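> I am attaching a structure below and will ask some questions about it afterwards.
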Amino acid sequence: MHAEIRKTILEIYGASAAAAMRILYGGSVKPDNIKSLMECENIDGALVGGASLEPSSFASIIKYP
């Protein structure tokens, strides 16, 4: 889906806009999946929901390697 979003931005606004656009993952983000999500080519960040309510969980997410 993230690749499709970037492709659509490219088609509508051009290459520089597509390269500059930051696309966030909005699904379930947890300490055990943040690394694999951030390794995906078109994911530039994450919207952290419930995991942000637990300080140690949120800290693990923002400090991922």
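> Report whether or not S52 is assigned to a helix (DSSP H, G or I), surrounded by 15 or more Cβ atoms within 10 Å (Cβ to Cβ) and either at pLDDT 95 or above or not acidic (D, E) (or both).
Working: assigned to a helix (DSSP H, G or I): yes; surrounded by 15 or more Cβ atoms within 10 Å (Cβ to Cβ): no; either at pLDDT 95 or above or not acidic (D, E) (or both): yes.
It is false that S52 is assigned to a helix (DSSP H, G or I), surrounded by 15 or more Cβ atoms within 10 Å (Cβ to Cβ) and either at pLDDT 95 or above or not acidic (D, E) (or both).
> While we're looking at this one, here's another question. So, in the range 1-40, how many residues would count as being in a loop (DSSP other than H, G, I, E, B) and either within 10 Å of the chain's Cα centre (by Cα) or not aliphatic (A, V, I, L, M) (or both)?
Restricting attention to the range 1-40, the residues satisfying the condition of being in a loop (DSSP other than H, G, I, E, B) are 1, 14, 21-23, 26-33, 39-40.
Adding the requirement that they be either within 10 Å of the chain's Cα centre (by Cα) or not aliphatic (A, V, I, L, M) (or both) leaves 14, 22-23, 26-33, 39-40.
The number of residues fulfilling the criteria is 13.
> Now for a separate question. Restricting to the range 41-60, name every residue that is within 16 Å of the chain's Cα centre (by Cα) and among the charged types (D, E, K, R).
Of everything in the range 41-60, those that are within 16 Å of the chain's Cα centre (by Cα) and among the charged types (D, E, K, R) turn out to be E41, D44.
> So in the range 7-49, with the set limited to residues that are in contact (Cβ under 8 Å) with a residue 24 or more places away in the chain and among the β-branched types (V, I, T), which one is surrounded by the fewest Cβ atoms within 10 Å (Cβ to Cβ)? Break it down into steps so the answer makes sense when it comes.
The initial filter retains those residues of the range 7-49 that are in contact (Cβ under 8 Å) with a residue 24 or more places away in the chain, namely 29-31, 34-35, 38, 40-43.
Keeping just the survivors that are among the β-branched types (V, I, T) gives 29, 34, 43.
Details: V29: 24, I34: 20, I43: 17.
Once the filter is applied, the top-ranked residue is I43.
> Restricting attention to the range 1-49, which residues are charged (D, E, K, R) and either closer than 16 Å to K63 by Cα or at pLDDT 95 or above (or both)? Working first, answer last.
To start, the set of residues in the range 1-49 that are charged (D, E, K, R) comprises 4, 6-7, 11, 22, 30, 32, 35, 39, 41, 44.
Within the range 1-49, E4, R6, K7, E11, R22, K30, D32, K35, E39, D44 qualify.
The values are calculated or read from the model by the stated rules, or taken from the named source; none is laboratory data. Since the structure is predicted, the reported quantities are computational estimates derived from the model, not experimental observations. As a convention, Cβ positions derive from the backbone with ideal geometry for all residues, glycine included, and neighbour counts pool all protein chains shown.
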